[in-house]
Amino acid sequence: MTDTPNEPASWLPLPDVAERLDMPVNRVRQLIREGRLLALRREGVLKTPVDLIDSPMVLKHLPGVLTLLHDAGYNDEEAFRWLYTPDDSLPGAPAEALRDNRATEVKRRAQALGF
């Protein structure tokens, strides 16, 4: 596993996330507070990586993985780094594996971080 995370394909500001998820921006902010969606400040604006959204919903297993990472003591920036850092044994980054329906292995690895 390298230490440098890949950059997501693109970042979306919260109003664009709300549009993709077909919900009000306040509901998107609630998802972030609840740990069901990841958002970070980029260029002074709260944004979400576009590939964590599977319109019209959040990527299926993302909330569970974020819960495991937060339970392991990761903050949002650390969770982002973990999700986007390539791992040759996976292969690829955990965020890619989630999109490719390899969530079981991603969850197993995230759960192991807590021990």
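The values are calculated or read from the model by the stated rules, or taken from the named source; none is laboratory data. Note that the structure is a prediction, hence the values are computed from the model and not measured. Using ideal geometry, Cβ is built from the backbone for each residue, glycine included, and neighbour counts are taken over all protein chains shown. Surface accessibility is based on the protein's heavy atoms, side chains included, excluding ligands, DNA and RNA. Shrake-Rupley method; radii C 1.70, N 1.55, O 1.52, S 1.80 Å.
Scanning segment 65-86 for any residue that is touching a helix residue (DSSP H, G or I) at 6+ places or on another chain (Cβ under 7 Å) and more than 15 Å from Lys107 (Cβ to Cβ) turns up at least one such residue. Confirm whether Gly44 is exposed (fewer than 13 other Cβ atoms within 10 Å of the Cβ) and within 15 Å of Leu12 (Cα to Cα). Here the answer is yes, as Gly44 does meet what is asked. Touching a Gly at 6+ places or on another chain (Cβ under 8 Å) and either among the hydroxyl-bearing types (Ser, Thr, Tyr) or open to solvent by 60 Å² or more (accessible area, probe 1.4 Å) (or both) - does that describe any residue in segment 55-69? Yes, that holds for at least one residue.
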